[in-house]
């Protein structure tokens, strides 16, 4: 990496930045990242790789939980944003906007089934809030069912839908009418649904919950149950959307079309925040009579929509969903070699495309693997809900040789843990 700074200068800048972060942002977060070997300050970003300020190279398998599907600082996305800045700003949010109309039309074209209308936001929690509000407003019912270990965001309605008590407990009382059932358990969902059920909200692959893909029959059963109960089916595809699982949208694997699909993360191409909820035309009746009932100052800005269109064009032109499927298979073959080699550490792997989780035998291994992988040039994190699971979500542009480097780093990292005494030491 070409850089005019000396190592000493870069080191000083890094240390100053980390000290200021600890002093003015969050000291405990800074300590945790340091202990995990992730106390880096990102410098150059390109494709599936990132360099710290001192020039050390890493392969990014965190990707901000799927924000960088088209790669770090994709040059075409950056160019689209630069060109937009010559003419546009964010725009007045209550006005009609051509870029917003253009992106909404494109989303209607590429999403499955009869999803047609779009509401925009700037964050995942915000757009899931809207989806839940729309379901309640349309059905005139109040009950929302989500799943244990689900993750839908930290704002009002979304926080109530989260399936992890640690996130919710400090903020009780939450919004009433929410309950959680086990994931991938159709019988539990059927028993939980009542005449007052407004919506079921589900991740087709639980991300924060430990990379658990939903069974196709489970998703088809949810569609049937929601139809029977006149409830709205919401797919939270904020992490799984835009090619992550080997298809443009994870719903396509099962052939199930939800009533609302929430999208985000990589829609902004890694350079501009934008999220979206795409929904069936009949649900739009509620907004016909209440056109200003949900507003977002920054959601669907002109700049965000232009970036979103550029991102979708790149995904389609470079066939990145198909590439994700191929690279996922390459990872899978490597995982199959690692499981018998480290039976005391690695129990199983779960994967859909390039949304991958490694299930370890002990809660200590996730944090230790995070540290060891960083030492071996790979950025990865164990999941918040389950430290026995390492989550790998590289940019979809990752190359075969980069996949092999990650697999090599996994091998070296597990070998290092075994040399330290493996599980027994902990």
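Odds and ends about this structure:
- Number of positions in the range 327-341 that are closer than 18 Å to residue 240 by Cβ and either in contact (Cβ under 8 Å) with a residue 60 or more places away in the chain or surrounded by 15 or more Cβ atoms within 10 Å (Cβ to Cβ) (or both): 3
- The conditions of being crowded, with 16+ Cβ neighbours inside 10 Å, out of contact with any helix residue (DSSP H, G or I) (no Cβ under 7 Å at 6 or more places or on another chain) and either more than 30 Å from residue 51 (Cα to Cα) or modelled with pLDDT of 95 or more (or both) are not met by residue 116.
- Selection from the range 184-225 of residues that are assigned to a helix (DSSP H, G or I) and either crowded, with 24+ Cβ neighbours inside 10 Å or touching a helix residue (DSSP H, G or I) at 6+ places or on another chain (Cβ under 8 Å) (or both): 186, 189, 190, 216, 217, 218, 219, 220, 221, 222, 225
- Out of 362, 385, sole residue that is within 21 Å of the chain's Cα centre (by Cα) and surrounded by fewer than 23 Cβ atoms within 10 Å (Cβ to Cβ): 385
- The range 294-315 - residue that is touching a helix residue (DSSP H, G or I) at 6+ places or on another chain (Cβ under 9 Å) and not in a helix (DSSP H, G or I) and, of those, nearest to residue 90 (Cα to Cα): 301
- Considering 414, 418, the condition of being buried (at least 22 other Cβ atoms within 10 Å of the Cβ), out of contact with any strand residue (DSSP E or B) (no Cβ under 6 Å at 6 or more places or on another chain) and more than 24 Å from residue 149 (Cβ to Cβ) is satisfied by 414 alone.
- Answer from 260, 293, 316, 312 - the residue that is over 16 Å from the mean Cα position of the chain (by Cα), closer than 22 Å to residue 233 by Cβ and either modelled with pLDDT of 95 or more or surrounded by 22 or more Cβ atoms within 10 Å (Cβ to Cβ) (or both): 260
- Evaluating residue 155 against the criteria (1) in contact with a helix residue (DSSP H, G or I) (Cβ under 6 Å, 6 or more places away or on another chain); (2) crowded, with 23+ Cβ neighbours inside 10 Å leaves one unmet condition, (2).
- Residue match in the range 231-253 (condition: crowded, with 24+ Cβ neighbours inside 10 Å, under 24 Å from residue 328 (Cα atoms), touching a residue at least 60 places away in the same chain (Cβ under 8 Å) and out of contact with any strand residue (DSSP E or B) (no Cβ under 8 Å at 6 or more places or on another chain)): yes
The values are calculated or read from the model by the stated rules, or taken from the named source; none is laboratory data. Note that the structure is predicted; figures quoted are calculated from it, not measured. A quick note on method: Cβ atoms are made from the backbone with ideal geometry, for glycine too, and the neighbour counts reach across all protein chains shown.
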